[in-house]
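Okay, so here's the structure we're looking at.
The values are calculated or read from the model by the stated rules, or taken from the named source; none is laboratory data. Every value quoted in this text rests on a predicted model; they were computed, and no experiment measured them. Neighbour counts are summed over all protein chains in view; Cβ atoms, including those assigned to glycine, are modelled from backbone coordinates with ideal geometry.
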Amino acid sequence: HLAGGRYLFQNSSIPTTSFFSFIQPEKHWENYYWLYQAVLYGFYSVFGLYGPVIFRTLTYLAALWAIFSILRPEKNDDSRYPLFFLAMFIAYGLALIPRELMTRPHTVSYLLIAVFLLILERKPGKAWLLPLLTILWVNFHGIECPVLLLIIGAYLSDIFLDSFRRKKQYAGFTKFRRWCLILCLPCVCATPYGVNTLLAPFLTAPMQEAFVAEMFPLALKNVLTFALYPPALLILSGAT
């Protein structure tokens, strides 16, 4: 990621070939996280090796703030179970820790998922930000566009079905907010690769599932198993 950011700053163009590899001839690839590379290298240029750590810490804290803002009860909520909301917040925070310890573009996706839902659920006056956040999201981590489309589609389909319900659940969802959400759909393709961004999640290199851990076949026991990371594994040194 740092090499990609350095290339972008030095050449004023988005790297789209395997310039960092020994493979000849260089392979072409869709750089769906070029903005992440640029921002990360910017932090590295200012703070050195602390830069990536600072960046991922900021994204993690911002994600926690957004999650807390979504879960916390409203001021007029007389709920008798405040500990439930606190427990949920702690659970989300702990679940994110193992993934946030890795300096990779998905950390920004976690943040934007939370911010997107925060605006939809708690900040109706900020709906105009959704298309802008969509553009940022797909340029930070375009391969996550199916998640973004799932969120948009879930709300739009529920709003459509609401017109057939006796008890309206989206009565306060104004037309302006609906159009802001609809405008997010074309914004998903607002990247240097246009419509090809939609294909990025479904394109893999030959044999990639054999050496990329996230693409290994998923065993059922791994889905049904819950385990906490030992503290010694949370921070890995260069020696390990």
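Figures for the structure shown
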{"quantity": "Any hit, segment 179-194, residues being exposed (fewer than 10 other Cβ atoms within 10 Å of the Cβ) and at pLDDT 90 or above", "calculated": "yes"}
{"quantity": "Flag if Cys189 is outside any loop (DSSP other than H, G, I, E, B) and of a type outside the set (D, E, K, R)", "calculated": "no"}
{"quantity": "Glu30 under 20 Å from Leu136 (Cβ atoms), not in a helix (DSSP H, G or I) and not hydroxyl-bearing (Ser, Thr, Tyr)", "calculated": "yes"}
{"quantity": "Out of Val212, Val223, sole residue that is of a type in the set (Val, Ile, Thr), closer than 30 Å to Leu2 by Cα, modelled with pLDDT under 85 and surrounded by fewer than 16 Cβ atoms within 10 Å (Cβ to Cβ)", "calculated": "Val212"}
{"quantity": "Sole residue being surrounded by 12 or more Cβ atoms within 10 Å (Cβ to Cβ), among the aromatic types (Phe, Trp, Tyr) and at pLDDT below 95, chosen from Tyr44, Tyr81, Tyr33", "calculated": "Tyr33"}
{"quantity": "Residue match in segment 124-134 (condition: under 11 Å from the mean Cα position of the chain (by Cα), in contact (Cβ under 8 Å) with a residue 40 or more places away in the chain, surrounded by 21 or more Cβ atoms within 10 Å (Cβ to Cβ) and farther than 14 Å from Cys187 by Cα)", "calculated": "no"}
{"quantity": "Hey, Thr107 crowded, with 16+ Cβ neighbours inside 10 Å, assigned to a helix (DSSP H, G or I) and modelled with pLDDT of 95 or more or not", "calculated": "no"}
{"quantity": "Within segment 157-202, tally of residues that are in contact (Cβ under 8 Å) with a residue 60 or more places away in the chain and either under 17 Å from Lys126 (Cα atoms) or polar (S, T, N, Q) (or both)", "calculated": "4"}
